[in-house]
Amino acid sequence: MRVPLIAGNWKMNTTVAEALELVRAMKDELEKVISVEKVVCPPFVSLAPVKELLAGSTIKLGAQNLFFAEKGAYTGEISPLMVADLCEYVIIGHSERRQHFHETGDIVNKKIMAALKAGLKPILCIGERLEENESGKTEEVVAEQLSTALVGVADPDGMAIAYEPVWAIGTGKPATGEQANGTIAFIRQNIAQVCGGNVAREIRILYGGSVNSTNAAEFMQQPEIDGALVGGASLKANEFLSIVNQASIIKHSK
Ligand code: PEP
């Protein structure tokens with residue numbers, strides 16, 4: 001069985017003090033849920049202090065991005081080695097980065113390769129925009145994003161995929177569980193073609209897009225959905241905890 005994974009993407013929210021407060025507010029309760037992998041992804045500046053607070057904890061740390069070069073004259077960037085020093089996970093190819101920072105499929109591919117080389121576990125985000133969804137191009141778009149991101153990746157060990165329809169992110173309008181399950185099944189078939197059946201059976205594919213404590217169960221009940229990448233709701237300790245608890249109960253009752 002694939003271990004469910006719930007990751008919180010805090011985006012550009014929380015000062016260091018607020019990040020520590022948020023972790024303190026949920027740490028003890030999250031700790032009790034051992035059947036789900038729990039990851040928090042605060043902004044870069046909070047990674048080191050949060051790591052210190054999480055020492056010895058089962059709650060894991062992720063970054064929201066990285067640059068693909070190992071070091072050098074790239075003012076303002078953070079290298080895979082720096083991220084790997086602090087984190088186990090890294091979100092790559094989030095639609096907000098594709099949209100606001102012009103990250104192309106080629107850049108996403110370079111970041112995936114660099115992250116894997118540094119021993120990080122990438123959470124690769126893919127998903128279609130509203131107009132692509134409405135014109136029936138969802139599968140075409142996610143297949144293209146996936147194959148571009150995985151060029152040259154022989155063994156995506158530890159990697160997870162987050163299917164995040166762009167129209168569902170931060171809008172309060174999630175996909176239905178059934179829609180998300182269908183697209184995730186399609187993504188899994190594609191992974192089988194690109195990386196082989198074993199990888200496809202083992203890789204965790206998450207749903208992301210306006211997941212909260214009220215709708216989490218609908219997604220967790222779907223057989224192809226292995227967890228969630230949670231944005232807004234991960235900034236509220238009770239919401240995140242409730243999502244993690246629901247994942248644990250639902251996924252382990254099957
Ligand atoms: C995200 O940031 O990946 C996300 C899914 O955000 P939200 O849950 O707020 O839609």
- Message: Looking only at residues that are of a type in the set (A, V, I, L, M, F, W, C) and either free of Cβ contacts under 8 Å to residues at least 40 places away in the same chain or over 18 Å from Ile205 (Cα atoms) (or both) in segment 116-131, which one is surrounded by the most Cβ atoms within 10 Å (Cβ to Cβ)?
- Response: Leu124
- Query: What is the residue count in segment 163-206 for residues that are over 16 Å from Glu134 (Cα atoms) and of a type in the set (Phe, Trp, Tyr)?
  - Reply: 2
- Item | Those residues of segment 35-66 which are among the hydrophobic types (A, V, I, L, M, F, W, C), more than 11 Å from Tyr89 (Cα to Cα) and touching a Gly at 6+ places or on another chain (Cβ under 8 Å), in sequence order | Val36
- Meets criteria (free of Cβ contacts under 8 Å to residues at least 24 places away in the same chain, within 14 Å of the ligand (Cβ to nearest atom) and within 22 Å of Gly8 (Cα to Cα)) for Thr214: yes
- Note on the structure: Inside segment 158-205, the number of residues satisfying the requirement of being in contact with a Lys or Arg (Cβ under 8 Å, 6 or more places away or on another chain), hydrophobic (A, V, I, L, M, F, W, C) and under 24 Å from Arg97 (Cα atoms) is 7
- For segment 151-210, which residues satisfy the criterion of being closer than 21 Å to Gly105 by Cα, near the ligand (Cβ under 10 Å from one of its atoms) and in a loop (DSSP other than H, G, I, E, B)? Glu164, Pro165, Ile169, Gly209
- Item | Among (1) buried (at least 18 other Cβ atoms within 10 Å of the Cβ); (2) over 16 Å from Lys251 (Cβ atoms); (3) touching a residue at least 40 places away in the same chain (Cβ under 8 Å), the one test that Met220 misses | (2)
- Task: Specify the residue that is farthest from the chain's Cα centre (by Cα); the eligible residues are those in segment 8-34 that are in a loop (DSSP other than H, G, I, E, B) and modelled with pLDDT of 95 or more.
- Result: Thr15
- Note on the structure: For helices (runs of 4 or more DSSP H) lying entirely in segment 55-145, having 2 or more residues that are of a type in the set (Lys, Arg) picks out 95-100, 105-117
- Reported set for segment 221-245 where residues are within 15 Å of the ligand (Cβ to nearest atom) and assigned to a helix (DSSP H, G or I) is Gly232, Ala233, Ser234, Leu235, Glu239, Phe240, Ser242, Ile243, Val244
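The values are calculated or read from the model by the stated rules, or taken from the named source; none is laboratory data. Bear in mind the structure is a predicted one, so any value in this text is a computation, not a measurement. Every residue, glycine as well, gets a Cβ built from its backbone with ideal geometry; the counts of neighbours run over all protein chains shown.
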